[in-house]
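Peer 1: This is the structure I have questions about; it appears just below.
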Amino acid sequence: MPPSSVRFLPLLALSGIVAAGEVPVPTEDQAWYYTIGGAEPVSIALNPAGAHQVLDAHASLTASYSCGNFDIVSSVTNSFSNAATSLQSTVMGAARGAIAALPLYVFQRAAPGLYELFQTYAADFSLNFGDALKSCEQMEQEILAGKDPYEEWIQMAKAGDWRRLMGTTTDAVAAKQSVESTGGAAGYPFPKVTSGGVVMAGGTGGPPIEPIRDITAAGWNTTLGRPPGSNAPYTPPLIGPEVRLATLFPTPTSAADYAVDVLGDAVIRTCDGCPKRGIPGNGLNVKYEAHRQAVATDLVALVGGTGVPANADLQDVSAPGVAVSAKVIGTLRELPADEAGVFAGRLASEVAIARTIEEAFAIRRLLISGKRVPEVMSTKPAMDVAVSAVNELEQEIESFLFEQRVSKEIASNTAAGVVARRNQLDARSQQTLRQGRPEQSPLEEGGRFQ
């Protein structure tokens, strides 16, 4: 290892070589350490290597709740076939034969007693079936009142089926039967970058609806003036300022991946019995930790090197609002190794924070833009997801900055007071030594003054 690198061995801890969470302890004059708020402005991620995972919902949650699945013909047949007495069975047989042979008004005149008995059983059945259907519909509303996000999407898909059938049929009964039988299998129109446009998503055989991913990707496209579902390569303009969005997230997929990593997502299927999946998010700390490790590694190379750093190298360890100049690198090279390590670590953390916050605000802006896409605006569950995601991301940013402020306050209080007191005692001791005992006879020109 070169001598210049050996001197900065404490810096290697910043690049993740030592155990995570190990605190670099300053030596010599330590007031500066507590003035800057310690070495770490925010805590490390709970799992720096955390990756999002897809979780399957329990099989019972994939059941289709619809009272339209009841068959009135089957209900009538079962009602009569379950007659409890031989009299009811006899009536059932007689009624079937009579009804098959005669219209009801003729049946009433030919066998008024049997007709009356049949009407009684028919009325009982109608009442029982109506009560059962009413109970089912009440239960269905109670299920929906639980705000099952998956069920809301299924209802939107069924509403889309109704709209399509209104333009193709005038038979309301047939339309209802068609909607209930398909159960949202056709899906719902939604922008899908993976499919290259707005497609019927969520249904049988189609891609799933992934609200966070799809809305973020649509926002990326619309921000750059492209169709919401486009997956064509983006070419930045040759003239004009830098397109910062394309620098942060070169593709709509990269922006969508970032949003899902931080916020999580749901995998929506609108077809009956299709699996329901959720993806938990990891928050911003994992992104911050990745940036901190990368910047710390670059700082180790710069501070341990010689010569004037190139501008490109300085950009690698800088962020908007936190510029690292060649003079800063030169000063770090001149400091004692332990002090340089703490300062460089703190600098890497602040650059990582700035980068993470910039990315988080960019994703927030994409979600806001994405929810203005017509297919999203016309879909209440999608709008609810977008609004909730923006609020959650804002809270995540606020919590991130709050942790930074609290960390600095904690690091700057008691420990700083102890160091300040130690400095006072040292200063008093030095003053006493300088004063010493006064001479009785001062010297003048090499001899004692008489």
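The numbers here are math on the coordinates, done by the rules we state, and not lab data. Keep in mind the model is a prediction, meaning the values are calculated, not measured. FYI the Cβ positions are ideal-geometry reconstructions off the backbone, even for glycines, and counts take in every protein chain you see.
Peer 1: Can you give the direction-averaged projected area of the convex hull of the alpha-carbon atoms in segment 197-260, in nm²?
Peer 2: 4.5 nm²
Peer 1: I'd like the Karplus ³J(HN,Hα) series for segment 197-208: coefficients 6.51, -1.76, 1.60, θ = phi - 60°, whole numbers in Hz, and an x wherever there's a Gly or Pro.
Peer 2: Residue by residue, segment 197-208 yields x, 8, 10, 6, 10, x, x, 5, x, x, x, x Hz.
Peer 1: OK, next. Label points 7 Å out from Cα along the Cβ direction at THR331 and SER195: separation in nm?
Peer 2: About 5.6 nm, to one decimal.
Peer 1: Can you list the residues, at least 5 places off or on another chain, whose amide H is less than 5 Å from the amide H of ALA201, using H built in the peptide plane?
Peer 2: Residues meeting the criterion, in which the H sits 1.01 Å from N, are TYR188, PHE190.
Peer 1: Something else now. Apply 1/(1 + (r/R0)^6) to the Cβ-Cβ distance of LEU224 and ALA427, taking R0 = 51 Å, and write down the FRET efficiency to the nearest 0.05.
Peer 2: According to the calculation, E is roughly 0.25.
Peer 1: Taking the Cβ of each residue in ILE209, ILE353 as the centre, tally the other Cβ atoms inside 10 Å and list the residues starting with the fewest.
Peer 2: Fewest-to-most Cβ neighbours within 10 Å comes out as ILE353, ILE209.
Peer 1: Residue by residue through segment 399-406, which ³J(HN,Hα) values in whole Hz follow from phi under the Karplus form 6.51 cos²θ - 1.76 cosθ + 1.60 (θ = phi - 60°), with glycine and proline marked x?
Peer 2: Listing the rounded values in order: 5, 4, 5, 4, 5, 5, 5, 5 Hz.
Peer 1: Here is a further query. Please list, ordered by chain and number, the residues whose modelled amide H lies under 5 Å from the amide H of GLY264; skip anything fewer than 5 residues away on the same chain.
Peer 2: Answer set, sorted by chain and number: GLY281, ASN282.
Peer 1: Just to verify a number: FRET efficiency for ILE397 and ALA323, C-beta to C-beta distance, R0 = 25 Å, to 0.05?
Peer 2: 0.70
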